[in-house]
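To start, the structure under review is shown below, and the notes come after it.
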Amino acid sequence: MTNRSTTGTAGKFTAVIAGLGLIGAAVTGCTSVDTDTEGSTLERLQEEGTVTVGFAGEAPYSFMQDGELTGATVALHREIFKNLGIDNVEGVATDFGALIPGLQAGRFDVVSAGMSILPQRCEQALFSEPEFNYTTALMVPQGNPEQLADMQSIAESGVRMAVMTGAIEADYASALGIDAMQVASPQDGMDAVVNGRADVFALTGISLNWMKQNNEGAPVEVTESFVAEIDGVPQVGAGGTVFRKEDTELRDAYNEELAKITSDPQKYLSIVGEFGFTEAEMPDPGLTTEMLCEGVS
């Protein structure tokens, strides 16, 4: 999916992440779904029994492990689509920034990445109701030599920052005037910190903590998670599944099943808990996709 360093200190840790599948090939390869058949997308998927999801290899949301597509969003999809009469979930690996273009081009049926629900993205695609609330964290060299704690501290210190292309943290950096290095994957971000090409890598706290836990020997640490602030306004993050604009029937059917899960903490955690998600990540029932698409946070 991306080029990664295989020399020096970072090379030892690249192999560990590769075991988690973050550099794995697409489950179904470079393919496309048939969007020209008669009837709705929901009807087509029910007839075929398979939904193809685009994913960016960001653990613990959706990634490859031991040759199998897994992660919290994938677990939600298996549960929800099964309840819609669609038993199989297959995946196509795509760089995060290419997920919505790939969806629009028909490479897959939906996007499975816990993607932030943002006004500019809502102009391009449909989103489910929120599936996760999340906060940002920073991956820094061991000891956190620059004493970084949030986006403002990065802007004030002038350190070299890495962000994942298309991720919400890239928008935060831009809004704060930070000239951040763009990387294609979480692995590339960690490599940049380990190799000294970046002083800090910003991503969702749950993703960075998962990476650290699965790379205990890496000379990095993860800061406490925080809610980013832009112009004094807290940026409440919530992510969902992404659908093509014309697939309102599929999105609505998905939301109906999703609500049965997100309204039941025990059910929610039985599906996503093994991936490190807790009640703290459960979506706020008072924060809707409509609000997020309008820019209300």
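Selection of segment 99-120 for residues being surrounded by fewer than 23 Cβ atoms within 10 Å (Cβ to Cβ) and modelled with pLDDT of 95 or more yields Ile100, Pro101, Gly102, Gln104, Ala105, Gly106, Arg107. Restricting to segment 99-125, count the residues that are in a strand (DSSP E or B) and out of contact with any Leu (no Cβ under 9 Å at 6 or more places or on another chain). Counting residues in segment 99-125 that are in a strand (DSSP E or B) and out of contact with any Leu (no Cβ under 9 Å at 6 or more places or on another chain) gives 1.
Yes/no matrix, rows are residues, columns are (1) in contact with a helix residue (DSSP H, G or I) (Cβ under 6 Å, 6 or more places away or on another chain); (2) among the hydroxyl-bearing types (Ser, Thr, Tyr):
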position: Asp247; (1), (2): yes, no
position: Asp252; (1), (2): no, no
position: Asn255; (1), (2): no, no
position: Lys260; (1), (2): no, no
position: Asp264; (1), (2): no, no
position: Gly273; (1), (2): no, no
position: Pro283; (1), (2): yes, no
position: Thr288; (1), (2): no, yes
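Residues in segment 275-297 that are surrounded by fewer than 13 Cβ atoms within 10 Å (Cβ to Cβ) and on the phi < 0 side of the Ramachandran plot: Thr278, Glu279, Ala280, Asp284, Pro285, Gly286, Glu290, Glu294, Val296. Residues of segment 63-85 that are of a type in the set (Lys, Arg) and assigned to a strand (DSSP E or B): none at all. There is at least one residue in segment 128-135 that is under 27 Å from Ala198 (Cα atoms) and hydroxyl-bearing (Ser, Thr, Tyr). Flag: Ala238 matches the condition of being touching a helix residue (DSSP H, G or I) at 6+ places or on another chain (Cβ under 9 Å) and within 24 Å of Arg121 (Cβ to Cβ). Residues in segment 86-98 that are open to solvent by less than 40 Å² (accessible area, probe 1.4 Å) and assigned to a strand (DSSP E or B): Val89, Gly91, Val92, Ala93. Within segment 251-274, the residues that satisfy the criterion of being open to solvent by 40 Å² or more (accessible area, probe 1.4 Å) and of a type in the set (Asp, Glu) are Asp252, Glu256, Asp264, Glu274.
Which ones in segment 38-59 are among the polar types (S, T, N, Q) and touching a helix residue (DSSP H, G or I) at 6+ places or on another chain (Cβ under 8 Å)?
Within segment 38-59, Ser40, Thr41 qualify.
Quick one: in segment 241-250, of everything that is of a type in the set (D, E, K, R) and surrounded by 13 or more Cβ atoms within 10 Å (Cβ to Cβ), which residue is farthest from Ala56 (Cα to Cα)? Reasoning before the result, please.
Step one: filter segment 241-250 for residues of a type in the set (D, E, K, R), giving 244-247, 249.
Still in the list and also surrounded by 13 or more Cβ atoms within 10 Å (Cβ to Cβ): 244-245, 247, 249.
Values: Arg244: 17, Lys245: 21, Asp247: 22, Glu249: 25 Å.
Within segment 241-250, the match that is farthest from Ala56 (Cα to Cα) is Glu249.
Here Asn215 clears all of (1) farther than 20 Å from Met115 by Cα; (2) modelled with pLDDT of 95 or more except the condition numbered (2).
Out of curiosity, is Val233 among the aliphatic types (A, V, I, L, M) and over 21 Å from the mean Cα position of the chain (by Cα)? It is true that Val233 is among the aliphatic types (A, V, I, L, M) and over 21 Å from the mean Cα position of the chain (by Cα). I'd like the residue in segment 167-192 that is among the hydroxyl-bearing types (Ser, Thr, Tyr) and touching a residue at least 12 places away in the same chain (Cβ under 8 Å) and, out of all such residues, is farthest from Pro141 (Cα to Cα). That would be Tyr172. Considering (1) more than 15 Å from Val53 (Cα to Cα); (2) assigned to a helix (DSSP H, G or I); (3) in contact with a helix residue (DSSP H, G or I) (Cβ under 7 Å, 6 or more places away or on another chain); (4) not small (Gly, Ala, Ser), the lone condition that Pro130 does not fulfil carries the number (2).
The values are calculated or read from the model by the stated rules, or taken from the named source; none is laboratory data. All of these numbers come straight from a predicted model, not from anything done at the bench. Note: ideal-geometry Cβ built from the backbone for every residue, glycine included; neighbour counts use all protein chains shown. Ligands, DNA and RNA are stripped out before the accessible areas are found, and what is left, the full protein with its side chains, is counted by its heavy atoms. Shrake-Rupley method; radii C 1.70, N 1.55, O 1.52, S 1.80 Å.
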